[in-house]
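K.L.:
Below are the structure tokens for one structure; questions will follow.
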Amino acid sequence: MMSEPNPPQNRPGEPPREQRLTPRPLDRPAVDPAQAATFGRPRGVDGAFDKLYAPDSRNGNEPDKLPLAPPPPESLAEAFRRPPGAEDVVLQRPHDDNGSAPANGSEPPLWTSSADPWRDPGAGAVLAGPAVGAEREAEAEAPRPRGAMLSLPEVLFGRRVKPTALGLLGVIALLIGALGGLVGWWLTSTAESLTGDAKISEAEAGKERAPGSIADIAKRIAPSVISLEVGAPGQPGGQGSGVMIDTQGYAITNDHVISDAVRDSKVKVTAVFFDGTRAEAKVVGTDPKTDVAVIKVAVSNPVAIQVGKSADLQVGDSVIALGSPLGLENTVTQGIVSALNRPVTAGGTNGEPPVVYDAIQTDASINRGNSGGALVDSTGALIGINESIRTDAGPGGQGGSIGLGFAIPIDDAIKIARTLIKDGQVKHADIGINASSVEASTSKGAQVQNVAPGGPAAKAGIAEQDVIIKVGDRMVRNAAELTVAVRRHSPGDTVPVQLVRQGTQITVDVPLGSD
């Protein structure tokens, strides 16, 4: 701190004089550019900010006065002006606690018990009570008197309403009534159309089902094809099919379908017809070697199928298979004859020897349960009994149809069936040898493995290792075909047998025996 060089001294007896110090120099620290950019004046402004306002006289405003606001709209002025008769009421003058204005000449109280304690006392206006008194509020809230209501005679005959208005009112009422009636009629008619008789365009029934069509054949044949249920009471059983061939109740089926009933008397065979009729069936006879069986159904007046001739078939003829595959009763499938005279060997049931027969091959879909069912031609005549299929099954053996189905020709099946109905058993022609299939460069046929002593072949001079290539007029290409070729004849018939022995072809006559 600095002081004057010669400060004045106080004289004795004088009051002390005030000593003044010279102002200290200002210490101006350097200004931070960042703070100056934030808090400094904008560019072009040297003085205070209130000098920035410069009234523009060109807009009609005086230079020293602020511009006035435009007059309020008439709607706002009408809404917020004083009500009529209250021009002398000072709205900002507060009332006392009793709601009356203070007496003239007295200082009005600034604060009252009803005043807002948070209002600024220095404000130019003070809130007070309503400008209109309680009397006027009561008058405003009082209900207005309602005018007298006119009665119907006064309206019609009292000349209180113009006739033109009455007429117009009547016309309007009629129009409204008519419109309501039309709407009601439309709703009623619409509701009736939702629940009434529908007019649907229908085609004539059976228009495309000409005589001989598949639908016509299936309709005629279905009543003669039955579903067979084989099993003991309380035990699971098997299923198959059958065909009614006689009006006395005889039906033809496969031996492997009803073989359990042959072995066990407790096993029952039940026939289920197309219409759901169920009847018990009895086994008449079986032929395990050809897998043909005959049963008799205890039913009156059954529908029998028409039996045709399998010898008249040709490869490519249309055929229809009927039966109950996989338990699906009354199933119809269509196909063609794929081959004729196809020797088929199927495994025997219950220890029986293998089944060998000359089959009709078809691509009509056949599955488990079709066995014993009907194979009919394009006329609906029975030409075969469905017996087996060739599958592409795995180790489980559960494969289905792959289009290789086989049926027993009806010429052979009906011959066996008649014999079973007559005698209860069937005898087949036998040559008295065991053979195996062979295919070599010199011969192709059935090679004799052993000859039964004293049998038909031994008597004819047939020896082991001979290769039989023809029986009668039937060529023999394997052992199965030898069996079917011999069974085409009857026991006791003498047939020529052509064979190859050590490269030499010879023919011998063999009198066939019986098995």
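K.L.:
Could you check residue 353 against (1) at pLDDT below 90; (2) under 26 Å from residue 229 (Cβ atoms) and say which number it fails?
P.N.:
It fails just one condition, (2).
K.L.:
Next question, about the same structure. Can you work out which of the residues in the stretch 240-280 that are assigned to a loop (DSSP other than H, G, I, E, B) and surrounded by 23 or more Cβ atoms within 10 Å (Cβ to Cβ) is nearest to the chain's Cα centre (by Cα)?
P.N.:
This residue is 254.
K.L.:
I would also like to ask the following. Please give the number of the condition residue 283 fails out of (1) free of Cβ contacts under 8 Å to residues at least 24 places away in the same chain; (2) surrounded by 15 or more Cβ atoms within 10 Å (Cβ to Cβ).
P.N.:
(1)
K.L.:
Check residue 439 against each of (1) buried (at least 17 other Cβ atoms within 10 Å of the Cβ); (2) over 18 Å from residue 515 (Cα atoms); (3) among the charged types (D, E, K, R) and name the one condition it does not meet.
P.N.:
(1)
K.L.:
Which residues, taken from the stretch 480-504, are closer than 14 Å to residue 359 by Cβ and assigned to a loop (DSSP other than H, G, I, E, B)?
P.N.:
Selection gives 488 alone.
K.L.:
Being in a helix (DSSP H, G or I), more than 23 Å from residue 368 (Cβ to Cβ) and of a type in the set (Val, Ile, Thr), is that true of even one residue in the stretch 219-239?
P.N.:
There is no residue in the stretch 219-239 that is in a helix (DSSP H, G or I), more than 23 Å from residue 368 (Cβ to Cβ) and of a type in the set (Val, Ile, Thr).
K.L.:
Let me ask you something else. Go through the stretch 466-515 and count every residue that is within 14 Å of residue 438 (Cβ to Cβ) and among the acidic types (Asp, Glu).
P.N.:
Residues in the stretch 466-515 being within 14 Å of residue 438 (Cβ to Cβ) and among the acidic types (Asp, Glu): 2 in total.
K.L.:
Working carefully through the options 510, 495, find the one that is among the aliphatic types (A, V, I, L, M), free of Cβ contacts under 8 Å to residues at least 40 places away in the same chain and under 29 Å from residue 409 (Cβ atoms).
P.N.:
Being among the aliphatic types (A, V, I, L, M), free of Cβ contacts under 8 Å to residues at least 40 places away in the same chain and under 29 Å from residue 409 (Cβ atoms) holds for just one of 510, 495, which is 495.
The values are calculated or read from the model by the stated rules, or taken from the named source; none is laboratory data. Worth saying up front: this structure is predicted, and the values here are computed from it rather than measured. Quick reminder, even Gly has a Cβ in these numbers, built from the backbone with ideal geometry, and neighbours come from all protein chains shown.
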